[in-house]
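Okay, so here's the structure we're looking at.
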Amino acid sequence: MSNTVLNVENLTMNFGGLRAVDDVSLSIKKNEIVALIGPNGAGKTTFFNCVTGVYAPTEGKITITPPEKSSEVINGLKPHKITEKGLARTFQNIRLFQNMTVLENIMIGRHCRLKSGILGAIFRSPATREEEEKLIHESYAILKKIGIERYVNDLAKNLPYGAQRLLEIARALATDPFLLLLDEPAAGMNPNETRDLVDLILRLRENEDVTIFLIEHDMSLVMTLSERIYVVDYGQLIAQGTPDVIKQDKRVIKAYLGEEVHA
Ligand SMILES: Nc1ncnc2c1ncn2[C@@H]1O[C@H](COP(=O)(O)OP(=O)(O)OP(=O)(O)O)[C@@H](O)[C@H]1O
């Protein structure tokens, strides 16, 4: 268990009579890049939703071990509490504040790390003002890390699609996560944008000391980027292993029914 940052045991999620996730166990170690793949409707996003507090799982145990902290079971915590504990995510469908600027989107993401509470904001003490300035400075630094600082004052809705996806990652990063969950980060991106995304994710792992857990349908990206892959089908875990193992797994190939699993 050493170095494990996320450990999920026997996770099950029922929606009425539908079992979207069926007894799935997996674990992720610090600084790994791990993918969760599977055909449409296999239960991937539901799995992420359970880990990030959108749903309280029907059964199972989700344990996190943030760096230099002790392990904690996070079942049933609200999403904002889970964010505070260092798990951040992006969504399959972009969820930005479309009528706010790029910088404001990041500042809101970073808000959970502010010390001054509501009284500080109302009375605008020098300490609050100082913290606000720091917030702007740090938010801009995050935009630079992601490479979208040229859009700093643009409204989120006016950004090209690929840049909006990057802004979602930037906003997640603004919460200072130790584990970043990316739900289809390459969806809708062109091949150049996808290549840049691969470089970005590798850079984030290297420079920001984050662990990456991603859902993705782009098999070329998955096979290039992931060190380990978990495969689900009809809610059940059907395979796990390195990209080379997964590419040759008969159950995986069958689940994809001819969809290309090779990079
Ligand atoms: N809130 C919900 N209520 C009822 N059923 C749901 C709900 N969310 C997901 N489902 C169902 O659970 C199953 C798994 O869906 P999920 O979105 O997790 O799959 P997925 O693997 O992420 O699919 P995709 O790759 O298409 O995004 C599907 O049958 C879906 O219709």
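The values are calculated or read from the model by the stated rules, or taken from the named source; none is laboratory data. These numbers were taken from a predicted model, which means no experiment stands behind them. Here the Cβ is made from the backbone with ideal geometry for all residues, glycine too, and neighbour counts use every protein chain on show. What goes into the accessible areas is simple: the full protein's heavy atoms, side chains included, and nothing from ligands, DNA or RNA. Shrake-Rupley method; radii C 1.70, N 1.55, O 1.52, S 1.80 Å.
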Under 9 Å, Cβ to Cβ, from Val232 - net charge with Lys/Arg +1 and Asp/Glu -1: -1
DSSP beta bridges in the stretch 141-263 [antiparallel fraction, %, rounded to 5]: 50 percent
Within a Gaussian network of the chain (alpha carbon springs, distance under 10 Å), most fluctuating of Val210, Val102, Val152: Val152
Within the chain, percent of DSSP bridges classed antiparallel, to nearest 5: 55 percent
Cα-Cα longer than 24 Å, checked against Lys30/Lys134; Lys61/Lys247; Lys61/Lys81; Lys29/Lys81; Lys85/Lys157; Lys44/Lys81, kept in input order, equals Lys30/Lys134; Lys61/Lys247; Lys85/Lys157
Under a Gaussian network model of the chain whose springs join Cα atoms within less than 10 Å, the largest fluctuation of Glu133, Glu32, Glu84 belongs to Glu133
State whether the stretch 72-213 is rounded, prolate or oblate according to the following rule on the C-alpha gyration tensor (a ≥ b ≥ c being the square roots of its eigenvalues): a/c under 1.5 gives rounded; otherwise a/b larger than b/c gives prolate, and the remaining case gives oblate. oblate
Could you give the accessible area per residue of the chain, probe 1.4 Å, as a whole number in Å²? 50 Å²
In square angstrom, rounded to the nearest 10, how much accessible surface does Lys85 have for a 1.4 Å probe? 60 Å²
Once you list every other residue whose beta carbon is under 10 Å from the beta carbon of Arg165, what net charge do they have if Lys and Arg are +1 and Asp and Glu are -1? -3
Could you run the Karplus curve 6.51 cos²θ - 1.76 cosθ + 1.60 with θ = phi - 60° over the stretch 39-49 and give me ³J(HN,Hα) per residue in whole Hz, x for Gly and Pro? x, 3, x, 6, x, 5, 5, 4, 4, 4, 5
So what is the relative contact order for the chain, in percent, with contacts set as C-alpha pairs under 8 Å and at least six apart? 25 percent
Based on the Cα gyration tensor of the chain, what are the three equivalent ellipsoid semi-axes, each the root of five times an eigenvalue, rounded to whole Å and given largest first? 32, 22, 16
